[in-house]
Amino acid sequence: MLPSTGIVKTLCQSLKEFPVQALVVDPVMVSTSGHTLAGPSILDSFREELLPMADIVTPNLKEASALLGGVPLETIADMRSAAKAIHDIGPRNVLVNGGDLPASLDAVDVFYDGNDFYEFHSSRIMTPNTHGTGCTLASTVAAELAKGSQMLSAVKVAKRYVEAVLSYSKNIAIGGGCQGPMDHLLKLKSNVERRPFDPCDLFLYAVTDSRMNKKWGRSIVDAVKAAIEGGASIIQLREKEVETGDFLEAAKACLKICRVHGVPLLINDRIDVALASDADGVHIGQSDMPAHVARALLGPDKIIGVSCKTPEHAQQAWIDGADYIGSGGVYPTNTKENNKTIGLDGLKTVCVSSKLPVVAIGGIGMSNAQAVMRLGVPNLKGVAVVSALFDRECVMTETRKLLEVLKESTKIAK
Ligand SMILES: Cc1ncc(COP(=O)(O)OP(=O)(O)O)c(N)n1
Ligand SMILES: Cc1ncsc1CCOP(=O)(O)O
Ligand SMILES: [Mg+2]
């Protein structure tokens, strides 16, 4: 809070004398609760001195409006115009925080870097405990920049963190006021059984298939058990031919096994089944609902994977808040009909352009897994396989053998 022109001037002078690596300006003027925290007299010094020095400025709607002379901001289009107009004042980047946007179901923030606009959507968490959301957002951006992140990544992490903290603190009751605080220590205190997604989980990604399990006479649960015993690091239930009720029961049973072993369980396509079973996340394709809608439905903590064949898909998945992408088919496969093969070159192109970790899929097995893993791109974290594990008599043995091949490939790469 910079409540007087004198203080703003002193700060700017000090910043010139002692330059900082990244300057994040949260132009604190009006709190989310509507309280005025700094008067209009400081607006000129903000505009003339502080904002032009900023790497990013993070106003809420009321602050953005005040910086622009009181223009009404009521739509996402207004937020975009405001972000651009504030950028013209001089900061390198602008993040307009739209938590207070009237008539909006999602909480939408607009980020502008002088070239491109990005919209960050997250579900609106219904809670009176919103005190400190703006400060938390700006401070998290600063912390991420200090850790060496790029601006867009820092903003993205901050947005997700605020959403997670709001969700975590939504029911705490402190004091008698109408608006409560956020509890930032969720990572230290939360006693959730599910651990956060680790990209290394993608190393040996076992994807089930109802037809194959039927052919070999085993249940989904037995297939999952065997894959975990063989060393699969993440499981996806890709059950295209199973009735919804049976799918849900199988997902719940598999989840119990996965939780015991600390292996994440994702559901292919079916966000309803993922929600109903409390699975760890979903894997969705390009023709499913957009990942930002899935994120709004599933919340910040669930894992979302998106199938991507092109750099454009990968960029969108990242903007939409996905956690990883699945890229393929790398090699021809009979498991998925009419699926375009992108080859190792296509996989490499997607990986290089992706800010998210990648798992390769399609026709991968013992004979070619090393070639995939040796592509030499750091964000390629593993292989996802269906038939090489499940269209075989002994799922556990095949999983073990593939795990050895994958481990060997990392040794050689080193
Ligand atoms: C890890 C992983 N990557 C890609 C896919 C393919 O998903 P999609 O394109 O939606 O096709 P279907 O699997 O639904 O037929 C996947 N399932 N898993
Ligand atoms: C689901 C999917 N998406 C792209 S290829 C593919 C099938 C992978 O199956 P397999 O490992 O048997 O080739
Ligand atoms: Mg799909």
### Summary
Considering segment 285-298, residues that are of a type in the set (Gly, Ala, Ser) and part of a helix (DSSP H, G or I), and then whichever is farthest from ligand 2 (Cβ to nearest atom), we arrive at ALA296
### Query
Taking LEU344 and the conditions (1) closer than 23 Å to ASN268 by Cβ; (2) touching a Leu at 6+ places or on another chain (Cβ under 7 Å), which numbered condition does it fall short on, given that it satisfies the others?
(1)
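Is it the case that GLY382 is touching a Phe, Trp or Tyr at 6+ places or on another chain (Cβ under 8 Å), within 16 Å of ligand 2 (Cβ to nearest atom) and in a loop (DSSP other than H, G, I, E, B)?
Numbers: touching a Phe, Trp or Tyr at 6+ places or on another chain (Cβ under 8 Å): yes; within 16 Å of ligand 2 (Cβ to nearest atom): yes; in a loop (DSSP other than H, G, I, E, B): no.
When the stated conditions are applied, GLY382 does not pass them.
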### Query
Any idea which residue in segment 197-236 is least open to solvent (accessible area, probe 1.4 Å), counting only those that are farther than 16 Å from THR399 by Cβ and touching a helix residue (DSSP H, G or I) at 6+ places or on another chain (Cβ under 8 Å)?
SER210
### Query
Scanning segment 17-60 for residues that are free of Cβ contacts under 8 Å to residues at least 12 places away in the same chain and of a type in the set (D, E, K, R), which turns out surrounded by the most Cβ atoms within 10 Å (Cβ to Cβ)?
GLU48
### Query
Out of segment 93-107, which residues are surrounded by fewer than 21 Cβ atoms within 10 Å (Cβ to Cβ) and in contact with a strand residue (DSSP E or B) (Cβ under 7 Å, 6 or more places away or on another chain)?
GLY99, ASP100, ASP106
### Message
Take the residues in segment 275-287 that are over 14 Å from CYS254 (Cβ atoms) and surrounded by fewer than 19 Cβ atoms within 10 Å (Cβ to Cβ); name whichever of them is nearest to ligand 3 (Cβ to nearest atom).
### Response
GLY285
### Task
Would you point out which residue out of PHE111, PHE117 is touching a residue at least 12 places away in the same chain (Cβ under 8 Å), in contact with a strand residue (DSSP E or B) (Cβ under 8 Å, 6 or more places away or on another chain) and open to solvent by 60 Å² or more (accessible area, probe 1.4 Å)?
PHE117
### Message
Conditions first: (1) modelled with pLDDT under 95; (2) assigned to a helix (DSSP H, G or I); (3) away from ligand 3 (no atom under 16 Å from the Cβ). ARG211 passes all but one, so which condition is the exception?
### Response
(3)
### Query
Among the residues of segment 74-91, which ones are open to solvent by 80 Å² or more (accessible area, probe 1.4 Å) and at pLDDT 95 or above?
ARG80, LYS84, ASP88
### Residue pairs meeting the criteria (Cβ under 9 Å; at least 6 apart or on separate chains; first open to solvent by 30 Å² or more (accessible area, probe 1.4 Å), in segment 131-159; second assigned to a loop (DSSP other than H, G, I, E, B) and among the β-branched types (Val, Ile, Thr))
HIS131/THR32; CYS135/VAL28
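Taking segment 332-357 only, how many residues are away from ligand 3 (no atom under 16 Å from the Cβ), among the hydroxyl-bearing types (Ser, Thr, Tyr) and open to solvent by less than 50 Å² (accessible area, probe 1.4 Å)? Break it down into steps so the answer makes sense when it comes.
Going residue by residue through segment 332-357, those that are away from ligand 3 (no atom under 16 Å from the Cβ) are 332, 334, 341-357.
Cutting the leftovers down to among the hydroxyl-bearing types (Ser, Thr, Tyr) gives us 341, 349, 353-354.
If we keep only those that are open to solvent by less than 50 Å² (accessible area, probe 1.4 Å) as well, we get 353-354.
Adding up the residues that qualify gives 2.
Identify, from the list ASP301, ASP320, ASP272, the residue that is open to solvent by less than 60 Å² (accessible area, probe 1.4 Å), within 30 Å of ASP109 (Cα to Cα) and of a type outside the set (S, T, N, Q). Give the steps one after another, and end with the answer.
On the way: ASP301 fails: open to solvent by less than 60 Å² (accessible area, probe 1.4 Å); ASP272 fails: open to solvent by less than 60 Å² (accessible area, probe 1.4 Å).
After ruling out the rest, the residue left standing is ASP320.
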### Message
Taking the conditions exactly as written (of a type in the set (A, V, I, L, M, F, W, C), more than 10 Å from ligand 3 (Cβ to nearest atom) and over 21 Å from ALA253 (Cβ atoms)), does ALA296 satisfy them or not?
### Response
yes
### Query
Does segment 299-313 contain any residue that is away from ligand 2 (no atom under 13 Å from the Cβ), over 24 Å from VAL372 (Cβ atoms) and outside any loop (DSSP other than H, G, I, E, B)?
no
### Task
Working only within segment 388-406, note down all residues that are in a helix (DSSP H, G or I) and open to solvent by less than 90 Å² (accessible area, probe 1.4 Å).
ALA388, LEU389, PHE390, VAL395, MET396, THR397, GLU398, THR399, LEU402, LEU403, VAL405, LEU406
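Return the only residue of THR208, THR244 being of a type in the set (Ser, Thr, Tyr) and either in contact with a Ser or Thr (Cβ under 6 Å, 6 or more places away or on another chain) or within 13 Å of ligand 1 (Cβ to nearest atom) (or both).
Numbers: THR244 fails: either in contact with a Ser or Thr (Cβ under 6 Å, 6 or more places away or on another chain) or within 13 Å of ligand 1 (Cβ to nearest atom) (or both).
Of THR208, THR244, the one residue that is of a type in the set (Ser, Thr, Tyr) and either in contact with a Ser or Thr (Cβ under 6 Å, 6 or more places away or on another chain) or within 13 Å of ligand 1 (Cβ to nearest atom) (or both) is THR208.
The values are calculated or read from the model by the stated rules, or taken from the named source; none is laboratory data. Since we're looking at a predicted model, the values are computed, not measured. Cβ coordinates were reconstructed from backbone atoms using ideal geometry, including for glycine residues, and neighbour counts include every protein chain displayed. To get the accessible areas, we keep the full protein, side chains included, count just its heavy atoms, and leave off ligands, DNA and RNA. Shrake-Rupley method; radii C 1.70, N 1.55, O 1.52, S 1.80 Å.
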